[in-house]
1. Would you tell me the accessible area of ARG144, worked out with a 1.4 angstrom probe on the heavy atoms of the protein chains, in Å² to the nearest 10?
2. In nm, to one decimal, how far is the LYS139 label point from the LYS85 one, both placed 7 Å along Cα→Cβ?
3. Heavy-atom accessible area of THR88 with all protein chains present, probe 1.4 Å, nearest 10 Å²?
4. Out of all DSSP beta bridges with both ends in region 142-251, state the antiparallel percent to the nearest 5.
5. In what order, largest first, do ASP178, ASP91 sit by accessible area if the probe radius is 1.4 Å?
6. List the extent of the Cα atoms of region 89-194 along each of their three principal axes, largest first, rounded to whole Å.
7. Carbon-plus-sulfur fraction of the accessible area of region 170-276, 1.4 Å probe, in percent?
8. I'd like to compare 242-249, 104-111, 231-238: which one has the highest average count of other Cβ atoms within 10 Å, and what's the full order after that?
Amino acid sequence: MRRPKSQKPSAQSRQVEAEASDGEGGGDTAMTQQETAPVPALSKKTEQPKECFLIQPKETNEDATKTRKRKKKKITDVLAKSEPKPGTPEDLQKLMKDYYSSNRSVIELEELTLPDFCFLKANDLTHSLSSYLKEICPKWVKLRKNHSENKSVLMLIICGSAIRALELIRSMTAFRGDSKVMKLFAKHIKVQEQVKLLEKRVVHLGVGTPGRIKELIKQGGLNLNPLKFLVFDWNWRDQKLRRMMDIPEIRKEVFEILEMGVLSLCKSESLKLGLF
């Protein structure tokens with residue numbers, strides 16, 4: 001038998017193998033280049049979400065602060081433009097009830113209630129201080145002539161600050177006449193000096209802040225028994241549109257004064273309350 005001759009690959013087969021070999025080699029080269037090439041830095045577009053995420057909480061807080069500031073300003077604008085309402089005896093009664101309701105029993109709250117007959121006519125916002133005092137106390141001249149007790153006053157006007165007290169003293173010139181007026185606040189005047197002055201002279205009118213008045217009562221420098229009129233500077237507002245009783249510290253001291261003898265004097269009908 002004849003041995004078959006070894007078949008030589010045809011030209012077409014050799015061309016196909018060469019192309020396959022070149023394709024494999026080219027693929028390896030391309031992959032190697034891709035693997036060894038440096039990774040390009042992340043573009044700004046890629047980093048943008050991360051930067052936004054880090055900054056977002058800070059922007060939110062700033063926006064919230066701005067929103068709160070805007071709200072406060074709007075509330076102030078509303079108060080400034082709103083028509084003022086005069087204070088009433090019911091306002092004082094409600095403030096006392098709200099203040100003591102958390103630590104007083106029902107019976108104790110009833111004892112703090114002021115009778116209607118102890119309130120004078122409240123200022124309807126048409127009066128000056130002099131005209132209001134003339135209306136609630138038409139017999140002031142006769143009353144002050146009969147007053148001769150030291151360490152006491154016939155009329156006490158309570159306001160929120162020393163500056164306001166000075167304004168009130170200047171504005172009541174037409175009413176006070178020859179009456180002796182005393183400043184009862186802490187600014188530039190020590191409490192012991194005021195105690196000595198009250199002991200030495202007869203004073204008809206006292207104008208001051210609740211903190212100093214309370215201290216004078218505690219030290220025995222001011223006796224409330226001869227007191228006939230207690231007037232609160234109720235309707236006046238400061239630069240922040242706060243009334244005297246809107247300030248927690250002042251409100252607390254006013255209620256303490258009421259409990260230091262004012263309530264009992266009101267119930268005995270010897271003392272009258274006014275809201276200016």
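The values are calculated or read from the model by the stated rules, or taken from the named source; none is laboratory data. This one's a predicted model, so the numbers in the text were calculated from it and none came from an experiment. Backbone-built Cβ (ideal geometry, glycine too); neighbour counts: all protein chains shown. Areas reflect the complete protein model, heavy atoms only, side chains present, ligands, DNA and RNA absent. Shrake-Rupley method; radii C 1.70, N 1.55, O 1.52, S 1.80 Å.
1. 40 Å²
2. 3.6 nm
3. 50 Å²
4. Around 10 percent of the beta bridges assigned by DSSP in region 142-251 are antiparallel ones.
5. Details: ASP178 120, ASP91 55 Å².
Result of the area sort, largest leading: ASP178, ASP91.
6. Sorted from largest, the Cα extents of region 89-194 read 46, 34, 29 Å.
7. Carbon with sulfur: 48 percent of the solvent-accessible area.
8. On the way: 242-249: 15.5, 104-111: 10.0, 231-238: 19.4.
Most protected by this proxy first, the peptides run 231-238, 242-249, 104-111.
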